[in-house]
Amino acid sequence: MDSKEIARVFEDCGALLTGHFLLTSGLHSDRYFEKFRVLQYPHLTDRLGAELAARLQRRLLLANVTVRTVVGPATGGILLSHVVARHLGPEARSLFTEREEGKMVFRRGFQIKPGEPVIVVEDVCTTGGSVNEVLAAVRAAGGQVAAIGLLVDRSGGRALAAWSGIPVEALLSLDISAWPPSACPLCQQGIPVTERGSRHLR
Ligand SMILES: [Zn+2]
């Protein structure tokens with residue numbers, strides 16, 4: 001899949017919206033990405049996961065590394081980890097981290113062998129914060145992060161700069177602008193805020 005095909009998958013299922021949005025941060029934006037619009041379709045998630053797995057494997061082959069363990073953070077990262085691991089072969093495992101008293105940890109008896117190479121995946125990377133927490137959990141469990149795979153990098157490449165030395169693949173890279181309401185160009189044009197979940201969005 002090339003980047004046009006990938007963008008079309010997100011747009012066709014309504015994951016990538018254009019309008020006038022109030023974000024949970026309180027900022028306004030003209031784009032909105034709703035990951036579960038795509039993750040709700042197993043077939044689409046699988047197509048994207050296959051592409052991400054193939055790209056990550058090409059990078060790992062160059063480094064002569066074989067990875068059999070994929071880790072993602074709950075909740076969306078579990079789905080992505082599962083489909084990526086499925087495309088790494090029958091021995092591949094899909095693990096996930098989750099929060100326990102605010103800290104990202106492995107539970108459920110998941111184990112990583114000392115020095116085991118691991119792929120870390122995340123559905124949407126905004127600041128890189130949750131990926132960094134998963135990296136820390138993998139290292140604390142004794143594993144080595146061999147590569148990072150993202151469905152969407154929403155940071156415009158800024159989050160990736162922090163992971164120099166680790167191969168990173170992002171299927172889609174977006175640079176989404178956001179403004180405080182007082183500086184929002186859409187508010188200044190008198191455009192009403194889009195009601196999310198509306199059928200008339202796109
Ligand atoms: Zn606005």
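Structure summary
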{"quantity": "Strands (runs of 3 or more DSSP E) (entirely within segment 68-150) containing at least 1 residues that are closer than 24 Å to LEU44 by Cβ, modelled with pLDDT of 95 or more and within 13 Å of the chain's Cα centre (by Cα)", "calculated": "69-73, 117-125"}
{"quantity": "Residue pairs meeting the criteria (Cβ under 7 Å; at least 6 apart or on separate chains; first within 12 Å of ARG154 (Cβ to Cβ) and part of a loop (DSSP other than H, G, I, E, B), in segment 4-33; second within 16 Å of the ligand (Cβ to nearest atom) and not charged (D, E, K, R))", "calculated": "LEU23/SER29; LEU23/ALA178"}
{"quantity": "Residue check for THR45: closer than 13 Å to ALA147 by Cβ and not in a strand (DSSP E or B)", "calculated": "no"}
{"quantity": "Segment 130-189, subset among the acidic types (Asp, Glu) and over 22 Å from PHE110 (Cα atoms), residue surrounded by the most Cβ atoms within 10 Å (Cβ to Cβ)", "calculated": "ASP153"}
{"quantity": "Residue tally, condition within 16 Å of GLU169 (Cα to Cα) and free of Cβ contacts under 8 Å to residues at least 12 places away in the same chain, over segment 34-54", "calculated": "0"}
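The values are calculated or read from the model by the stated rules, or taken from the named source; none is laboratory data. Keep in mind that this is a model prediction, so the values were computed, not measured. Glycine gets a Cβ as well: all are built from the backbone with ideal geometry, and neighbour counts include every protein chain shown.
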